[in-house]
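A.B. asks: A single structure is presented below for examination.
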Amino acid sequence: MPSVVLVSDMHGHLGDTRYMDDWRDWWSAQGFAVGRVYMDELLPELYELGETVQQERLHAMLTLDDVADRARQALLKRLQFPSPEIVLGFSYGGFLAATVHQHLGTEVSVMCISATRLRHALPLSASPRVHALFGANDPFTPPAQPMLGAGLMVTTVPGHGHEVYRHPEVCAPHIVNALPLRYRKGPPTSATLSSANPARRP
C-alpha cells in the first residue's frame with residue numbers, strides 16, 4: 001500500500017486540526033496509508049506555553065533561519081519511516097516539505113498547499129518533483145515566474161485565499177491531477193471528493 005505523510009501548518013495541534021482529519025480521510029479513500037506530522041511535534045520547545053503563544057510571536061520564531069533548519073532536520077527524521085511515496089504539507093508545513101525534498105528519495109513526490117514562504121526559498125533543488133497549489137486570492141503567493149522558472153508545477157484555485165488547504169473538496173481534483181500516474185484511479189468523482197468530508201464544516 002502506498003503511503004502519504006501530511007505535514008501540518010504552523011499551529012500544529014494548537015490550531016483547528018480538522019483539515020488534517022479531512023485530508024487523512026480523503027487519502028485513505030484513495031488507498032493510501034496516512035501518517036501525520038504536527039509542527040509542535042517537530043519543535044516542541046516553541047509550543048511549550050501552549051495556547052498562550054501568540055500567533056505573531058510564533059510566526060516570528062518559525063521564520064528564523066536556525067529554527068527553520070531545526071524543523072527541517074526534525075521533519076527528515078520523521079520521514080525516514082514509513083518512507084512515504086508522497087508528502088503533502090500545508091502552509092508552513094508545505095514550505096518545510098518542499099525545502100527538504102532534495103534529501104528524499106527520487107521517487108518521492110512533494111505537494112504543498114499555501115506554502116507561501118517558498119518565495120524566500122527559490123530556486124529549489126529537485127523542484128520539478130514539487131507541486132505547489134495556492135488560492136488565487138492569497139496575497140502572499142510567490143510570483144509565478146520564479147516558481148515556473150525553478151521548475152515547480154504550480155496550480156492556483158480561483159475564489160480562495162490562503163486557507164484553501166482547509167477545503168479538500170476544492171483542492172482534491174488538483175491533487176489527483178498532480179499524482180504520479182501509477183497512483184491515479186482515474187478522474188475524481190463527486191463520491192470520492194465528498195468522502196473526504198461528507199459534512200463540510202465552515
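Coordinate-derived values only; no laboratory data. Note that the structure is predicted; figures quoted are calculated from it, not measured. Don't worry about glycine lacking a Cβ; one is built from the backbone with ideal geometry, like all the others, and counts go over all protein chains shown.
A.B. asks: Working out 0.36 nm times the residue gap between Phe81 and Leu181, then minus their Cα-Cα distance, what length gain in nm do you get to one decimal?
C.D. replies: Result: 33.6 nm gained on full extension.
A.B. asks: In whole Å, how far is the Cα centre of segment 1-63 from that of segment 76-123?
C.D. replies: 13 Å
A.B. asks: If we sort 62-73, 16-27 on the protection proxy, mean other Cβ atoms within 10 Å, highest first, what's the order?
C.D. replies: Highest mean packing first, the order is 16-27, 62-73.
A.B. asks: Give me P(r) over the chain, computed from all C-alpha to C-alpha distances, binned every 10 Å, as integer percentages.
C.D. replies: 9, 38, 39, 13, 1
A.B. asks: Can you list residues whose amide H is under 5 Å from Val157's amide H, if they're 5+ apart or on another chain and H is modeled 1.01 Å from N?
C.D. replies: Hits under the 5 Å cutoff: Phe134, Gly135, Ala136.
A.B. asks: Put +1 on the Cβ of every Lys and Arg and -1 on every Asp and Glu Cβ in segment 1-137; which of Pro84, His59, Leu42 then has its Cα farthest towards the positive end of the dipole?
C.D. replies: Result: Pro84, furthest along the dipole toward the positive end.
A.B. asks: Now a separate question. Which far-off residues, 5 or more places away or on another chain, put their amide H under 5 Å from the one on Met111, with H placed in the peptide plane?
C.D. replies: Amide H neighbours of Met111: Val87, Leu88, Gly89, His131.
A.B. asks: Determine one quarter of the surface area of the Cα convex hull of segment 119-181, which equals its mean projected area, and express it in nm² to one decimal.
C.D. replies: 4.4 nm²
A.B. asks: Treat every Asp and Glu Cβ in the chain as -1 and every Lys and Arg Cβ as +1, leave all other atoms uncharged, and give the resulting dipole magnitude about the Cα centre to the nearest 20 debye.
C.D. replies: Dipole magnitude for the chain comes out near 640 debye.
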